[in-house]
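Shown next, in structure tokens, is the structure this report addresses.
The values are calculated or read from the model by the stated rules, or taken from the named source; none is laboratory data. Please read these numbers as outputs of a predicted model, since none were measured by experiment. No Cβ is skipped: glycine too gets one built from the backbone with ideal geometry, and neighbour counts run over all protein chains shown. Accessible surface is based on the protein model in full, side chains and every heavy atom, while ligands, DNA and RNA are left aside. Shrake-Rupley method; radii C 1.70, N 1.55, O 1.52, S 1.80 Å.
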Amino acid sequence: MADQSTPKTYDAAAEVVELCRDLIRIDTSNYGDAEGPGERKAAEYVAALLDEVGIESTLMESEPGRTSLVARWGDGDGEPLLIHGHLDVVPAAAEDWRFDPFAAEIHDGYLWGRGTVDMKDFDAMALSVVRARARTGAQPRRPLVLCFTADEEAGGHKGAQYVVEQYPDLIADCTQAVGEVGGFTTTVRGKRIYLIEAAEKGMAWLKLTARGKAGHGSMINTDNAISRLAGAVARIGAHQWPVRLTPAMEVLLAAVADIAGTEATPENARALVEEFESSAAMLGSTIANICNPTMFDAGYKVNVIPSEAMAHVDGRFLPGYEEEFFATLAELCGDGVTWEAVSHQQPWASPFEGRIVDAMTASLLEADPDAVVAPFLMGAGTDAKHFRKLGMDSYGFAPLRLPADLDFGSLFHGVDERVPLEALEFGARVFDRFLDLA
């Protein structure tokens, strides 16, 4: 069993870049419906990589082609640790990109392609570390359960949720889980801060519907479904949600305030978030509920007033503030607008303490002694929501030391998604050390 005294006889980062390139070249675009290539090819690739080093996998499909994988390795004396990553990616329009998003090209010290940060980078880190260890028999302190899932980008219903509901025996003995998003750096006044995800917002993808009186576009109509819905959507889009500080963000903002020479309060929370500069847009959503209109569908001819109009909104609510979120949404919608959930998932928060947190912190600081490590609340969603239904504490820990001027948050689902090669190799070595300590 590996510990601090065990000499390394392998390089955990030796193949991380090539594994990530191979995964990117397998198009697993998830369009949120029945379209798309699915994840079967990627899951088979992962299974072959594990089989090559003597690790057997179980593949499972919620629908044809929507494939997830679970594998188990190690016989340490600790409780099993779940390491999870998703295999799907959001679509990418090649004409908008500098390089083909599925070619996995290397330029200017970066690996470019869809999935380089969300999240085939961490898939490759975990695989490279486990393969290197398995080849040399360097087992981690505790057994590992590896889970690579389908469908995370559409809520995980055909992936992680399916695994949890249909194959719980494969993962139910895990007490803690590690996946995306966390372990990456942001910079405040020249100081690197590694953010570890310790909490996550709940998700409310909602379809709004307004109904009215159909009629001719040339006539007066005071019961217009489009007008009613447009007003609701405009109010939702313009609403300023109040600051609400959760425990994870209180710790993070206190660390930022210490660097900035001030104290953290709800009144100056937004100003402290601005200290993150390139990461401010990503972290700004972590101190308040949020709801963004994203789709609008109404009408079929310019001179016909339709009887129905529909819109979709993406709502995210903080742990402990779900009731406030929906009460506010009801006020903003007003009379005559109803909603139904497309996906409604609960928020979560894990304690930022204990051996696993100490292991994440120590592995980062051994590699970057002058940095700060702090928890944060993730504004988007991950598969952790599903795995926590089995009672696991969850964390986001995909270590990346990034350039201070890289707008990392904008690369998630963005054009020209890319990751520094050095950051990938750094992440593999830190994650390998984490497995010694966790």
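Restricting the search to helices (runs of 4 or more DSSP H) fully inside region 263-340 and requiring at least 2 residues that are of a type in the set (D, E, K, R) gives 269-274, 322-333.
Selection of region 139-170 for residues being assigned to a loop (DSSP other than H, G, I, E, B) and within 17 Å of A71 (Cβ to Cβ) yields Q139, P140, R142, P143, A150, G159, Y167.
For the condition touching a residue at least 12 places away in the same chain (Cβ under 8 Å), part of a helix (DSSP H, G or I), open to solvent by less than 10 Å² (accessible area, probe 1.4 Å) and farther than 27 Å from V163 by Cβ, what is the one hit in A423, A428? When all the criteria are applied, what remains is A423. Tell me, please, whether a residue that is free of Cβ contacts under 8 Å to residues at least 24 places away in the same chain, closer than 22 Å to E15 by Cβ and open to solvent by 10 Å² or more (accessible area, probe 1.4 Å) can be found in region 129-149. Taking every residue of region 129-149 in turn, at least one turns out to be free of Cβ contacts under 8 Å to residues at least 24 places away in the same chain, closer than 22 Å to E15 by Cβ and open to solvent by 10 Å² or more (accessible area, probe 1.4 Å).
Scan region 112-131 and give yes if some residue there is over 23 Å from the mean Cα position of the chain (by Cα) and not hydroxyl-bearing (S, T, Y), otherwise no. Yes; the residues of region 112-131 include at least one that is over 23 Å from the mean Cα position of the chain (by Cα) and not hydroxyl-bearing (S, T, Y). When D314 is tested against (1) in contact with a strand residue (DSSP E or B) (Cβ under 7 Å, 6 or more places away or on another chain); (2) free of Cβ contacts under 8 Å to residues at least 40 places away in the same chain; (3) among the charged types (D, E, K, R), exactly one condition is not met: (2).
Taking the criterion of being modelled with pLDDT under 95 and surrounded by fewer than 19 Cβ atoms within 10 Å (Cβ to Cβ), would at least one residue in region 226-242 satisfy it? Scanning region 226-242 turns up no residue that is modelled with pLDDT under 95 and surrounded by fewer than 19 Cβ atoms within 10 Å (Cβ to Cβ).
Evaluation of A210 against the conditions (1) in a loop (DSSP other than H, G, I, E, B); (2) more than 30 Å from M125 (Cα to Cα); (3) of a type in the set (G, A, S); (4) touching a Leu at 6+ places or on another chain (Cβ under 8 Å) shows that the sole unmet condition is (1).
If you go through region 59-89 and keep only what is modelled with pLDDT of 95 or more, over 24 Å from the mean Cα position of the chain (by Cα) and not hydrophobic (A, V, I, L, M, F, W, C), you end up with just P64. Of the residues making up region 383-420, just one is open to solvent by less than 40 Å² (accessible area, probe 1.4 Å) and free of Cβ contacts under 8 Å to residues at least 60 places away in the same chain, namely G414.
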